[in-house]
Every structure is written in structure tokens, then in C-alpha cells.
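Q: Got a structure here, written out as C-alpha cells. Questions coming.
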Amino acid sequence: MSDSNKSSKSSRRSPVLIALFAVLLIGVTIGIVKLIQAAPNSGQGGPGAGGKSDGPPPAAVFVESVKLEAAQNQSLATGTLRATSRADVAAREPEAVVEVLADEGDTVKAGDVLVKLNGDKLNATQVETEAQLRTAKKLVNQRNAELERAKIDLEMKEGLLNDRAISKSEFLDAQSLATVANAQAEAATEMVSEAASRLELLKIRQKDLEIKAPFAGLIAGRHVEPGEWVAAGAPVMTLVTIDPVEAWMQVPERFLRDVNEQPMEIRVKLSSAGEVHAPTAVKIVPDVDRRSQLFTVVATLANPKGQLAPGQSITGSVPVGKKEDHFHFPVDALQRSRLGDFIFVVAPGESGEAMPTGKKVPVQVHFERDGRVFVKAEGTDLKAGDRVVVEGNDRLQPGQPLLIREEGEGAPQVKP
């Protein structure tokens, strides 16, 4: 009887113990959950660090300062670099090539010899012409002596005719001989001039056997080899200037007035290297194409080191409007919505020890350039030196505490 009582008592205690254990387990679970929820605030010094214990958790962000600068909008125009001068240097004499003194890629000065042609035939012709010139000069002396003799005979026979010592026929014969002698002397003088001119031409042709660079530049092409025959007018070298070079750009006609007012504000950027160059001179061709509505702008660029080459693609920055004060910041800071564009600016906390917060500031973008947004300084709440959030702003809420993280740092730092 006693054993059955003990078993009934133990069976009645088991549900009570199970219930107590379940209540204890639920209480422990609730406590753990509360500790987990309170963990973010406790890591920064409790609710006092964020200002309110029930607000959104701090957001880790990157910031950058707003800068003030006098700037203007720019329009982009594409184009290419061209040589200021480009020439196919041609032979002036039909001759065989004896020597080639320049090759592709060589830099030459004006007057440098590029190619030498064979001059044997011209040398022989020159020797012959020099001999003809000497003969002509001797013939002139002979004809002058004959003319002088004829004049003396004419004067003598004129006196004899007056004395009736000779007939008039003899006088006329002497007069005719004098006229012929004078003509022969003049012809001999002309022969000397002719021979001298032929000799001068031969000397010029001999100089042309050395084909020289008409201007300083770079050899872009070589078209002959030693032993080849070249005709007069055939190109032997292609020569281009390397300093300066010209940037030819096609600009929309609506910017014609802006370019005319500020031509030296144009900048030229290499599409490959990204280098920006300021022109030394700008020429505007105000001839607008009827189909494309584009006009041509030619900017001269200094190229003392030869780093710019004809044919390279370029992008020109054409000034639009006047320079005005603008605030500018990275384009990553800009957020867009149906209500307009805005950015988040770092605002100080409500108390000295409170974390900084994100302040939503609406902006009106004037233009964008080189990864930065430009906002007119007039009529905006921005100030130079304001810190804007450039990363971590996608889900940022107005008034949310900020953990400002600097570039290169592994852990966020709190900055007032």
C-alpha cells in the first residue's frame, strides 16, 4: 500500500517540474533576445551615443568636402590631330637614286639632304656648256674686232667719196659690211648670254640632284631605294611637321557665339592618354555644314617633345556661358528622386558628445564634369568645406547617426 502511494505522488510531481522548467527556459530566451537587441547601442556607449535609443543604428559612410570654384559649363567636341604641314617631297630631276640619307621616324631640319640622285649626265653637259660659253666669248671678241675694222673702212670710204676718189657703189659696199659686222657682234653677244643661261640652269639642276627637306619635321614615309629610277615629280619621302600640331574639331553651331567670345578657353584632351592641352592659337571656320549643323575649330598645340602625333583622336572642351561661382562635389554624393536631386551633408550632433548625423539638402545641378557635380553658389544652403556623404548614402535616412570612415582606415571613426 505504501509503494502505490509513493508512485502516485511522483506521477503528480512530474508535470509540475516540467512546467517550471519550461517557464524558466522561456525567461532565459527572452533575456538573451533583449541583450542581442541592446548590443549595437552598448557598443557605442549606450543610448547616449546616438542621442535616442530607439532611432536607426549608425551608418558607416565616406565623406568629402565641398569646394567652391569659378567654373563654367562645357560642351564636348570630337576631332583628330593633324600636322600643320604635310608634304610628299618629290624629285625634280628624272635620275637614278644614288643614296638615301633618311628613313621613317627620322627627325630632320629644313634643308637637310634626304636623297641624292646620279649626276653624271648633268656633269658632262655642264662641261660641254662651259666650253661653249668660252667659245662664244672668243667669238664676241672676233666679231667686235671685225665691227671696229668695218667702221674704220666706212669712215675712210666716206671721205674718199666726198673727194670723188671712189664710186658710190664702193661706199655702199663698205656701209653694208659695217652693218653686217655690227649684227654679227650683237649675235655673238647673245650667244654668250644664251650659253651663260644654260650653264646657270645646269647648276640649278645639279642642286636639284640633292633632294632636301622643305621644312623641319618627321619622315612619315620612304618611297625609294638606292638604284631605283625616279621620274620628275615622283615622291621620294613623306614629311610632316611635329611641332606644332593642329587639333581639328567639329562643334555644334549653337556654340558658335560662345567659341567666338572665349576661343582661348578651349581645352584639348587626348582620348587615349587623357592629357589636357591648352592651345597657343585658335582659328574658327564659321562655315556650318547644312546637314550636320557643325562648324570647324582648329586649335594649335605646342608639341616640343613630339608626344602628339597626327591622326590621334581628341576631345575638345568648348566653353558654354560665363564663369560663375559653383560648389562642386563627387557625383557619387548625388541622390535622385521624383521630388528632385539631393545630397546628405554631415551635421553635428545635438550635444557636444553626440554622433554627427546626415542632413538631407536639396540641390539643383547646373552641370557635371569629370566625375563632379557643379551647383551654382547662389541660392543654395551649401557652404564651402561642408562634408558630403559620397559612399554609404544609398539607404541613409535624414537624421541617422554617422560613423565617418576615412579612406585607408579599416575601422570607422566617430567625428563631430
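The values are calculated or read from the model by the stated rules, or taken from the named source; none is laboratory data. Just so we're clear, the structure is a prediction, and the values are computed from it rather than from any experiment. In this analysis, Cβ positions are derived from the backbone assuming ideal geometry, glycine residues included, and neighbour counts consider all displayed protein chains.
Q: Could you say whether any residue in the stretch 30-45 is under 30 Å from Met355 (Cβ atoms), at pLDDT below 80 and not in a helix (DSSP H, G or I)?
A: So in the stretch 30-45, the residues under 30 Å from Met355 (Cβ atoms) come out as 30-45.
When the remaining residues are screened for being at pLDDT below 80, the result is 30-45.
Subset that is not in a helix (DSSP H, G or I): 44-45.
Among the residues of the stretch 30-45, at least one is under 30 Å from Met355 (Cβ atoms), at pLDDT below 80 and not in a helix (DSSP H, G or I), which makes the answer yes.
Q: Provide a single number: the residues in the stretch 380-398 that are assigned to a strand (DSSP E or B) and out of contact with any helix residue (DSSP H, G or I) (no Cβ under 9 Å at 6 or more places or on another chain).
A: To start, the set of residues in the stretch 380-398 that are assigned to a strand (DSSP E or B) comprises 387-391.
Filter once more, so that each one left must be out of contact with any helix residue (DSSP H, G or I) (no Cβ under 9 Å at 6 or more places or on another chain): 387.
So the answer is 1.
Q: Okay, next question. Report, by residue number, each residue of the stretch 321-360 that is of a type in the set (A, V, I, L, M) and surrounded by fewer than 17 Cβ atoms within 10 Å (Cβ to Cβ). Don't jump to the end; show me each part of the working.
A: In the first step, residues of the stretch 321-360 are kept if they are of a type in the set (A, V, I, L, M); the result is 331, 333-334, 339, 343, 345-347, 354-355.
Selection gives Val331, Leu339.
Q: When residues of the stretch 69-100 are filtered for being loosely packed, with under 14 Cβ neighbours inside 10 Å and not in a strand (DSSP E or B), how many remain?
A: The total comes to 2.
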